[in-house]
Amino acid sequence: MSPHTNFDKPMGLSNASQVKIDLGPRSYSIHIGTDYLERAPEMIVEALGRRRCLIVTDSTVQHFYGRRFHDIMTGAGLTRDDPLVMPVGEQTKNFSYLSFLLDNLFMRNIDRNTILVALGGGVIGDLTGFVAAVALRGIDYVQIPTTLLSQVDSAVGGKTAINSPRGKNLIGAFHQPRLVIIDVDTLKTLPVREARAGYAEIIKYGLIGNASFYRWLEVNGPSITAGRKARVEVQVQAIRTSCAAKAWYVMEDERDANRRALLNFGHTFAHAFESITNYDGSLLHGEAVAMGLVKAFQLSERLGHCPHEDVERVEAHLKGMGLPTSLSGRGWPVHPLIAVMFNDKKVMDGELTFVLTRGIGEAFVETRVSTDDVRAVLEMP
Ligand code: NAD
Ligand code: GLY
């Protein structure tokens, strides 16, 4: 499916949907709906056969869903093992927990037929995916994302990673999941701040390639992040569109050699902002992305690509959704921010590369952006 689905015509909304990601032998389905934790065993058996599963989760998700999900999986005869419960937070994506998980898997005598099931947000998904990529030179895994961010972004596309002390996601592998199961009911317990952070990644798809989806979000955004008061069919529509857009970029460029880079719109700035906070929890990834999106628009305007009205419009919507948009008051020195940008995976031959835009829905990649222009934009409020 193209990321350019037209949202200007009225749409039929539904409580369930499916997106296929076609990558030849690595193809898989993304199921989106309600009460899907209950239905997960039948989806797993249908996609992968009846095999031994091992659940990896974090302590918060274990509290809300892990015990029930474990009962569902044992009831279906898909697991006999206790879930592997990791601490919450970005710090868990490190060598110690990679090693801890691998040790546990070998202690439990896994084999190449074992399936890992990542139940949680992007931290659990990225870590479990990387463990699956390296255990026994590669075993299968299923993503059951439970944050909005992981449902619309990290669970799809096969980027798996842990962090290095020198930077985020620097150690990883491309390893596609075999199945993604999204139960939107899990969003009911997600803190509103986390829901808003996930929403920043949804807006990104509109901003890079689908202006009509962006217009739809300007109207429907608040119903997506409203927790227990959210409209499920609107959430399903937003998640389906985001997954379909992500699937399209991944199918075009699975290993991130060219077009997939557009998914990093706003992220060169965002990674620098996250890095300067040392991932201490004061700035969530999606919050950094919201600020990064504004900076990417400001840089595009400064370089003469993008009209000022679009910069203002995007800033106003992000603000209206309760997301941070401005650097003022943060006290972040510019020089270290730029230094971090030079560690970005898009740097080629020592030159900064940015995803820029000609306006809402028209992103493109620009190589050789001058440090002076980046500095000027970072000095703006
Ligand atoms: P996260 O996994 O830390 O989850 C955020 C918080 O929400 C955690 O405290 C978690 O315990 C809690 N939580 C999860 N589900 C919940 C639920 N249903 N109800 C209540 N609480 C719940 O963070 P995240 O935002 O999901 O993911 C961020 C990570 O994703 C980062 O490490 C980032 O690098 C990575 N990421 C990866 C990709 C990719 O393509 N692989 C893309 C974007 C982001
Ligand atoms: N989140 C960016 C990517 O998957 O390419």
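Throughout, read-outs are computed from the coordinates displayed, never taken from laboratory work. Predicted model, so just to flag it, every value in this text is computed and none were measured. Neighbour counts run over all protein chains shown; Cβ positions are idealised from the backbone, glycine included.
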Practice prompt. Just order 354-363, 131-140, 154-163 by mean Cβ neighbour count inside 10 Å, highest at the front, would you?
Written response: 154-163, 354-363, 131-140
Response to the item:
The farthest towards the positive end of the charge dipole of the chain, of the residues Val180, Tyr205, Ala244, given +1 on Cβ of Lys and Arg and -1 on Cβ of Asp and Glu, is Val180
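With the alpha-carbon atoms as the only input, what is the per residue convex hull volume for the chain in Å³?
Details: hull volume 47.9 nm³, N = 381.
Per-residue hull volume (Cα only) is 126 Å³.
Place a +1 charge on the Cβ of each Lys and Arg in the chain and a -1 charge on the Cβ of each Asp and Glu, then give the dipole magnitude about the Cα centre in debye, rounded to the nearest 20.
580
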Practice prompt. Would you mind calculating the gained length between Leu23 and Leu303 on full extension (0.36 nm times residue separation, minus the Cα-Cα distance), in nm to one decimal?
Written response: 97.1 nm
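Based on DSSP H runs of at least 4 residues, each adding -39500 (n - 2.57), what is the mean residue ellipticity at 222 nm of the chain after dividing by all its residues, to the nearest 500 deg cm²/dmol?
Computed ellipticity for the chain at 222 nm equals -13000 deg cm²/dmol.
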Worksheet item: Mind checking which helices in the chain clear 15 Å along their axis (Cα) and have mean Kyte-Doolittle hydropathy of 0.5 or more, DSSP H runs only?
Response: 95-107, 122-134
Worksheet item: Amide H to amide H under 5 Å from Ile115: which residues, 5+ apart in sequence or cross-chain, H placed 1.01 Å off N in plane?
Response: Arg52, Cys53, Leu54
Worksheet entry | Farthest positive-ward along the chain dipole, Cα basis, beta-carbon charges - from Ala288, Thr114, Val142 | Thr114
Practice prompt. Any chance you could get the radius of gyration and Dmax over the Cα atoms of the range 13-89, in Å?
Written response: 14.0, 39
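Taking Cα pairs under 8 Å and at least six residues apart, what relative contact order does the chain come out at, in percent?
Working: 722 pairs, mean separation 63.3, N = 381.
Computed over the chain, the figure is 17 percent.
Neighbouring Cβ atoms within 10 Å as the yardstick, rank Asp8, Asp373 fewest first.
By the 10 Å Cβ count, ascending: Asp8, Asp373.
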Discussion item. Taking the number of other C-beta atoms within 10 Å as the exposure measure, put Trp332, Trp216 in order starting with the fewest.
Written reply: Trp332, Trp216
Worksheet item: If each of His335 and Asp253 carries a label point 7 Å out from its Cα toward its Cβ, how far apart are those two points in nm?
Response: 3.4
Worksheet item: Which aspartates and glutamates have a Cα less than 17 Å from the Cα of Lys319, not counting those fewer than 8 places away in the same chain?
Response: Glu194, Glu201, Glu218, Glu287, Glu309, Asp310
Item to complete: For each pair in Lys295/Lys346; Lys20/Lys295; Lys9/Lys168; Lys93/Lys229; Lys229/Lys295; Lys93/Lys188, compute the distance between the two Cα atoms and list the pairs where it is over 29 Å.
Response: Lys20/Lys295; Lys9/Lys168; Lys93/Lys229; Lys229/Lys295
Discussion item. Between Arg39 and Arg368, what is 0.36 nm times their sequence separation minus the Cα-Cα distance? Round to one decimal in nm.
Written reply: 113.5 nm
Worksheet item: What does the charge count near Val192 come to, summing +1 for each Lys or Arg and -1 for each Asp or Glu among other residues with Cβ under 12 Å from its Cβ?
Response: +4
Fill in: Residue exposure sequence - His305, His335, His175 - by fewest surrounding Cβ within 10 Å
His335, His305, His175
Discussion item. If you consider only alpha-carbon coordinates, what radius of gyration and Dmax does the range 99-256 have, in Å?
Written reply: 16.4, 52
